[in-house]
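Only one structure is covered here, and it is reproduced in the block below.
The values are calculated or read from the model by the stated rules, or taken from the named source; none is laboratory data. The shown structure was predicted, so the numbers you read here are calculated from the model rather than taken from an experiment. For neighbour counting, all protein chains shown are included, and Cβ atoms are generated from backbone atoms with ideal geometry for every residue, glycine included. Surface accessibility is based on the protein's heavy atoms, side chains included, excluding ligands, DNA and RNA. Shrake-Rupley method; radii C 1.70, N 1.55, O 1.52, S 1.80 Å.
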Amino acid sequence: MQNVCAVILAAGDGKRMKSQKPKVLCEVLFRPMARWVADALSAAGIRELCAVCGAGAGLVQAALPECETVLQEKRLGTGHAVTQARAFLERRRDDDCLVLCGDAPFISPEAIAASLKLHRSCDAAVTLITASLEDPTGYGRILRDSEGRVTAIVEQADASEDEAAIREVNSGAYWFRTGFLLEALSHLAPANAQGEYYLTDTVGWAVSQGLSVAGWRSPDADVIRGANDRAGLLALNEAARRRVLQKHLQNGVEILVSDGVIIAADAVIGPDTVILPGTVIKPGCVIGSGCVIGPNTMLEQSVLGDGCIVNASQIEFSKLGARVKLGPFSHVRPNSCLLDGAKVGNFVEIKNSTVGEKTAVAHLTYVGDSDVGARVNFGCGTVTVNYDGFHKYRTVIGDDVFIGCNANLIAPVTIGDGCLIAAGSTITEDVPADALAIARARQLNRPDWARQRRARLAPKE
Amino acid sequence: MQNVCAVILAAGDGKRMKSQKPKVLCEVLFRPMARWVADALSAAGIRELCAVCGAGAGLVQAALPECETVLQEKRLGTGHAVTQARAFLERRRDDDCLVLCGDAPFISPEAIAASLKLHRSCDAAVTLITASLEDPTGYGRILRDSEGRVTAIVEQADASEDEAAIREVNSGAYWFRTGFLLEALSHLAPANAQGEYYLTDTVGWAVSQGLSVAGWRSPDADVIRGANDRAGLLALNEAARRRVLQKHLQNGVEILVSDGVIIAADAVIGPDTVILPGTVIKPGCVIGSGCVIGPNTMLEQSVLGDGCIVNASQIEFSKLGARVKLGPFSHVRPNSCLLDGAKVGNFVEIKNSTVGEKTAVAHLTYVGDSDVGARVNFGCGTVTVNYDGFHKYRTVIGDDVFIGCNANLIAPVTIGDGCLIAAGSTITEDVPADALAIARARQLNRPDWARQRRARLAPKE
Amino acid sequence: MQNVCAVILAAGDGKRMKSQKPKVLCEVLFRPMARWVADALSAAGIRELCAVCGAGAGLVQAALPECETVLQEKRLGTGHAVTQARAFLERRRDDDCLVLCGDAPFISPEAIAASLKLHRSCDAAVTLITASLEDPTGYGRILRDSEGRVTAIVEQADASEDEAAIREVNSGAYWFRTGFLLEALSHLAPANAQGEYYLTDTVGWAVSQGLSVAGWRSPDADVIRGANDRAGLLALNEAARRRVLQKHLQNGVEILVSDGVIIAADAVIGPDTVILPGTVIKPGCVIGSGCVIGPNTMLEQSVLGDGCIVNASQIEFSKLGARVKLGPFSHVRPNSCLLDGAKVGNFVEIKNSTVGEKTAVAHLTYVGDSDVGARVNFGCGTVTVNYDGFHKYRTVIGDDVFIGCNANLIAPVTIGDGCLIAAGSTITEDVPADALAIARARQLNRPDWARQRRARLAPKE
């Protein structure tokens, strides 16, 4: 796209959300609404962006690093909001400028491109993005003349009965010729007792100047959806969720029952992968084909190869090779890499570690800050002791090592290839390849001792 | 409220529920239906209560300790049921008495108060609580005269076509002048082949005596909802659940997706707290603001401060301060208190213990019957050994203690401030402040031992 | 049933499912669709079965071991598919043969029996199984004469406006007199440009020969439901799930909220058992009465006695006696048996073991390949060390044994009745009854050591 820019209206506070956060940072599928909008603009090829911020401007700025930001100190209406971006607009006087709401997350690159195309082909001063709703109550209705040109936006309160019956409504997103927008803004007058300036009044100004106003009606009414409160936000999440699930079903992902399944919009999932209920896939995940994920599993920023099984577990910022089995009830923390065919069983934590091919960490084990070779067997209850209270150290374990149960490997320590660590040993020194390392006391049986103790301690009748 | 009493009809058995429990003890959102009713009566200020019990009377009595109970030995209809409360009623002859069903849990204090107000302002002998249903099939229809006075209740079977079209129905809850009720009961006659006595016949009696019968129509039709079978009970739970979720959304709680989210009616949750799917909040919970609860978390009778994160964990009868992090996969058992900033990681059980500020219990640890200071670090696999097979003992741990991995602290034992417990040690005696305690065998490496063993044990080709 | 056979059309590939599997192996409630069909045939008493397979014939054959299979090498229509079974049909020339789709899983034994009865009573050459749909779009419409005899099937494309309005549609399942079917197949001609042979054309052939064609309309339209893609498969799962839940509700099972609850069609569950959300019950489970199962629990091929509590845990191919408590967060792996009153707490894995009556395995323990007596108490962190890297060995533990925390029992090993194993001990040799076994180093306290170390290691200001 050439000669285009956009102004994102992002000044709403979270009052009706009862949130400390600015409204546009309320999340849909784990992504702030304003990011949905900025990402759609980016995908449509619009690079020059200005966000009009209000309360919590710093937070919005942080969430939208690619945007210039301006501050709307008082909340005096959408027209007033855009006026704050005057300096941004002045520099782009010959562009077309898309003004849109930072809390209507479903605007799509396709809608942006198609509406711009209409805008330019009509040589319009303003082009409204509109949609037809089953129930248009509360929205501004679009009035068109016999040739389809927009003649006015009529607000609910001002609508005649005939006008109220119109189902095409204003989305709050508009293409402007920037030069026209600047002129129109300077002609805005406070529209009501509160002294607010309405951006919609630019339409009347254009018509009064004999300029053309176009309306691009989106075939997908969701592009105009926003949320004013938490119930509305829940509805947006629900709608987004259904869309994402539908896409994966079409791609051959098997979803037995969608209850509790939430998949971020950017997830990539291969065919023949089964998603069981209660699976939450946060942003940044790529999952191979033929996997079984869930039930009750949470993934974030992680890549899983083909044929993985992840059962009732959580994985963050990590990578699993092919045919890795995880769970139930395990936790892979950031910066971990489980190579092909690794098996991590129940009640295991892996953190900042590499686990080699076909290595087994079956149960009740902590592998942290470790580099583990292939075909290693961790006994139950093994701990890589990575922390001394001040610093963290690495444990290095070669290939084909067998670690006995309830062993401690106190890092920094290196266990050579083919070693055997005796169960119950606390290992403080390196072990050369193929050695046995043992650190434990000899067993002593004291006959009848337990019976005598029982006689002493048991409640007397 | 003055001069009021209530009779709860609670004699239904669980036959259609296929339950061993009395029907009124079937639960909606973890609370027996009869308790919903008794709590609404209490909230409306009605203190004089009588429950008419049948099968499982003892269980009902235990669930409704504030009620007198009388036994209906035979099931001879609602009129017969109320007659069992005659002695209770005789003592309150000048009161107004609310007779209502113990299995219609959604009666509200507001409905009780508003209907009493109407009852008294009409000087009615009987005032029915009614509601209008989309589909009134099966319910008794309310007939009113031109001035709105109730003239009769017509049962489905007896209704003419016009009468069947009436959508206002009888709820089964009635205000009576108690004196009138006693008289009317004595005039009830068996209404059918089964010899049952119907409370609805008191309406006809009142009309025949020229007494006024009022009808208070509830704006919320749910007040009359009950359940006859498990599918109906599921529907009641579903309805109650939606109401509770709606309330929390209005309060600024974020619910991403409501699947598997069940919140008891008495929960208090601060704004900006996020509830993830699969979260079950049982009765008695108070949760601060800015928390993240879930997914797949269960809380019961617990209080959580602001900014807590509880991930895939369970907490019972305990208290978390502010900014406590718990999980994934941890379990806080009764009588525990995790102070501000405590971090309890994966696969940890805390029971009947205090965990001090900023103390970390990161993984695979059991802290039971312990008093733990601030800034303590528990190594992975640490166990507070609280049980000797006969008694439980406490472990006392000071501030700034560092406990090595897989250590056992055998209670009763006291670990002084600033101690270090070496990994793999079993501690049986007190450790003075700032000391190291160690109990382990020295490591021995036997070169080539593991290779030789492998050669001996490995399957020969 | 006498003189009956069936041909299952199972040659569809998974292309629209985007699956590597043959379409008929796509699963509904954990069971391949073709198995639903074969099980319904078996329940209806039809023993002579032939499956026409295409891609992945070996997989289909393995899933339907009771069926003869024939291969349809080219996909030339349903008529061509049945022709591949000619040899099977020739041997049963005097039978009635049911031809049906392997991907319409809800065909019922009742529908099979009732349609056969009509088929025979009408002396029909062909009897269609039909159903009436709200929206018949896309299906072949059933034309009947004034006496109700089927005169034709009209495909959507060929239907007049009147015909398109007919809501009775062809299910794709038909009873044939086998002799007639063989003759009709030999008269089929390629029906379209692709050269496909349609089985529906046999109806026209029968009519043209003056033979009777009957239509049995199923009262339950679900019998004709199939799925072409993953979204359709999700809908089938959803429908099947609702049916199964409804059945259990009728049986007195309490389902608080059905979110995430998936119960295989063959599950048996006693009354007064509560199923909490997120509970997945895979095939082969029998659950007693008065249990509480869930939340977030998965069971497979397991039997649970009355009064069990299974909280956020997984059980596979195992057996629990009465009043067993499990969880939260535990895992019972195949071949385990937990006897009456056993308590298995959080973060415990049981595998291929027997756990005796009232034995307690409270936390962070692995019991594998073990035979454990009654009233045993496992300390936290105990491990039965069953694997030496090459072989697995059994641990035998008598009654009334008390095992200290973080102990290792290195199998093969036998612990006699009444023994006490000291915490932190690694046990390598048998322990006679009533003895104490201990294997640990003596505790040493080094005063001030920890303080000095702290001074050395702590970051200097």
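For region B:1-76, run through the GluC sites (Glu not before Pro) and keep only the ones in DSSP coil with at most 16 other Cβ atoms within 10 Å of their Cβ.
Within region B:1-76, the qualifying GluC sites (Glu not before Pro) (loop, at most 16 other Cβ atoms within 10 Å) are B:Glu66, B:Glu73.
Let me have the relative contact order for chain A, percent, based on Cα pairs under 8 Å that are six or more residues apart.
Rounded, it is 8 percent for chain A.
Can you list which of the trypsin sites (Lys or Arg not before Pro) found in region C:1-85 are DSSP loop residues with at most 13 other C-beta atoms within 10 Å? Kindly include the intermediate steps, with their values, before the conclusion.
Values: sites: C:Lys15, C:Arg16, C:Lys18, C:Lys23, C:Arg35, C:Arg47, C:Lys74, C:Arg75; in loops: C:Lys15, C:Arg16, C:Lys18, C:Arg47, C:Lys74, C:Arg75.
Answer in residue order: C:Lys15, C:Arg47, C:Lys74.
Suppose R0 equals 30 Å. What FRET efficiency, 1/(1 + (r/R0)^6) with r the Cβ-Cβ distance, do A:Lys15 and A:Arg167 give to the nearest 0.05?
0.50
³J(HN,Hα) across region C:445-453 via Karplus (A = 6.51, B = -1.76, C = 1.60, θ = phi - 60°), whole Hz, x for Gly/Pro?
Taking θ as phi minus 60°, the curve returns 9, 10, x, 6, 4, 5, 5, 4, 4 Hz for region C:445-453.
Can you flag which of B:Lys23/B:Lys282; B:Lys392/C:Lys325; B:Lys282/B:Lys325; B:Lys247/B:Lys343; A:Lys23/A:Lys74 are past 24 Å Cα-Cα?
From B:Lys23/B:Lys282; B:Lys392/C:Lys325; B:Lys282/B:Lys325; B:Lys247/B:Lys343; A:Lys23/A:Lys74, over 24 Å: B:Lys247/B:Lys343.
Rg to Rh for region C:1-60: what is it, with Cα atoms only and Rh by Kirkwood?
Expressed as Rg/Rh, it is 1.02.
Relative contact order (percent) for region A:1-134, with alpha-carbon contacts under 8 angstrom and 6 or more residues of separation?
On the way: 211 pairs, mean separation 44.0, N = 134.
For region A:1-134, the relative contact order is 33 percent.
Taking every pair of Cα atoms in region B:4-224, average 1/r, invert it to obtain the Kirkwood radius, and report Rg/Rh to two decimals.
With Rh from the inverse mean 1/r over Cα pairs, Rg/Rh is 0.94.
With every protein chain in place, what's the accessible area of C:Asp135 (1.4 Å probe, Å², nearest 10)?
Accessible area of C:Asp135: about 100 Å².
Kindly give the semi-axes, whole Å and largest first, of the ellipsoid equivalent to region B:244-437, taking each as the square root of 5 times a Cα gyration tensor eigenvalue.
34, 15, 13
Can you list the HN-Hα couplings for region B:290-298, worked out from phi with the Karplus curve (6.51, -1.76, 1.60; θ = phi - 60°), rounded to whole Hz and with x for Gly and Pro?
In residue order, the calculated couplings are x, 8, 10, 10, x, x, 6, 10, 10 Hz.
For region A:198-213, take each phi angle, set θ = phi - 60°, evaluate the Karplus expression 6.51 cos²θ - 1.76 cosθ + 1.60, and give the result in whole Hz per residue in order, putting x for glycine and proline.
Going residue by residue, I get 9, 5, 4, 5, 5, 5, x, 4, 4, 4, 5, 8, x, 8, 7, 10 Hz, with x marking Gly and Pro.
Which of the aspartates and glutamates could be linked to C:Lys358 by a straight reach, that is with a Cα gap under 16 Å, when you skip same-chain ones fewer than 8 residues away?
Within reach: C:Asp306, C:Asp340, C:Asp371, C:Asp399, C:Asp400, C:Asp417.
May I ask for the angle, rounded to the nearest 10°, between helix A:230-250 and the longest principal axis of chain A, with both axes built from Cα atoms and the value confined to 0 to 90°?
70 degrees
What whole number of Å gives the distance from the Cα centroid of region A:105-161 to the Cα centroid of region B:238-261?
34 Å
Relative to the other copies, what are the label-point distances for A:Arg375, with labels 7 Å from Cα along the C-beta vector, expressed in nm at one decimal and sorted shortest first?
4.8, 4.8
Distances from C:Pro447 to the same position in the other copies: list them in nm, one decimal, shortest first, using label points 7 Å from Cα along Cα→Cβ.
4.3, 4.3
Taking amide H atoms as placed 1.01 Å from N in the peptide plane, list the residues 5 or more away in sequence, or in a different chain, whose amide H sits under 5 Å from that of A:Gly321.
A:Gly305, A:Leu338, A:Leu339, A:Asp340
Just to check, using Stokes-Einstein with a Kirkwood Rh over alpha carbon pairs, what's the diffusion coefficient of region A:202-267 at 37 °C and 0.692 mPa s in µm²/s?
Value of D from the Cα-based Kirkwood radius: 217 µm²/s.
So, how do all the Cα-to-Cα distances of region C:266-349 break down into 10 Å bins, in percent, from 0 on up?
23, 64, 13
For region A:1-122, what is the Kirkwood estimate of the hydrodynamic radius, computed as the reciprocal of the mean inverse distance between distinct Cα atoms, to one decimal in Å?
Across region A:1-122, the inverse of the average 1/r is 14.4 Å.
Work out the length of the dipole vector of the protein assembly as shown about its Cα centre, built from +1 on the beta-carbon of each Lys and Arg and -1 on the beta-carbon of each Asp and Glu, and round it to the nearest 20 debye.
Working: 141 positive and 156 negative charges, 916 e Å.
Dipole about the Cα centre, nearest 20: 4400 debye.
Hey, what did region A:244-437 get for relative contact order, percent, Cα under 8 Å, at least 6 apart?
Working: 683 pairs, mean separation 18.0, N = 194.
In percent, rounded to a whole number, it is 9.
In debye to the nearest 20, how big a dipole does region A:244-437 give about its Cα centre with +1 on each Lys and Arg Cβ and -1 on each Asp and Glu Cβ?
The dipole of region A:244-437 has a size of about 360 debye.
Choose one of B:Ala157, C:Ala165, A:Pro334: the residue whose Cα lies farthest towards the positive end of the charge dipole of the protein assembly as shown (beta-carbon charges +1 Lys, Arg; -1 Asp, Glu; about the Cα centre).
The listed residue farthest towards the positive side: A:Pro334.
Put B:Leu25, A:Leu118 in order of accessible area, largest first, 1.4 Å probe: what do you get? The partial results should precede the final answer.
Details: B:Leu25 20, A:Leu118 50 Å².
Sorted by accessible area, descending: A:Leu118, B:Leu25.
In vacuo Debye scattering of chain A, one point per C-alpha: log10 I(q)/I(0) at q = 0.07, 0.10, 0.13 Å⁻¹?
-0.53, -0.82, -1.08
Under a point-charge model restricted to the Cβ atoms of Lys and Arg (+1) and Asp and Glu (-1), what is the dipole moment magnitude of region C:4-224 relative to its Cα centre, in debye to the nearest 20?
Using Cβ point charges on Lys, Arg, Asp and Glu, region C:4-224 gives about 660 debye.
To the nearest 10 degrees, how steep is helix B:109-121 against the longest Cα principal axis of chain B, on a 0 to 90 scale?
20 degrees
Just in region C:139-211: which GluC sites (Glu not before Pro) are loop by DSSP and have at most 11 other Cβ atoms within 10 Å?
Numbers: sites: C:Glu147, C:Glu155, C:Glu161, C:Glu163, C:Glu168, C:Glu183, C:Glu196; in loops: C:Glu147, C:Glu155, C:Glu196.
In loop regions of region C:139-211 (DSSP not H, G, I, E or B), the sparsely surrounded GluC sites (Glu not before Pro) are C:Glu147.
Dimensions of the protein assembly as shown along principal axes (Cα, Å, largest first)?
Ordered largest first, the protein assembly as shown gives principal extents of 92, 91, 88 Å.
Quick one: helix A:178-187 against the long Cα principal axis of chain A, what's the angle to the nearest 10°, folded into 0 to 90?
The helix A:178-187 is inclined about 70 degrees to chain A.
Please figure out what share of the DSSP beta bridges in the protein assembly as shown is antiparallel and state it in percent, rounded to the nearest 5.
Approximately 20 percent, going by the DSSP bridge assignments.
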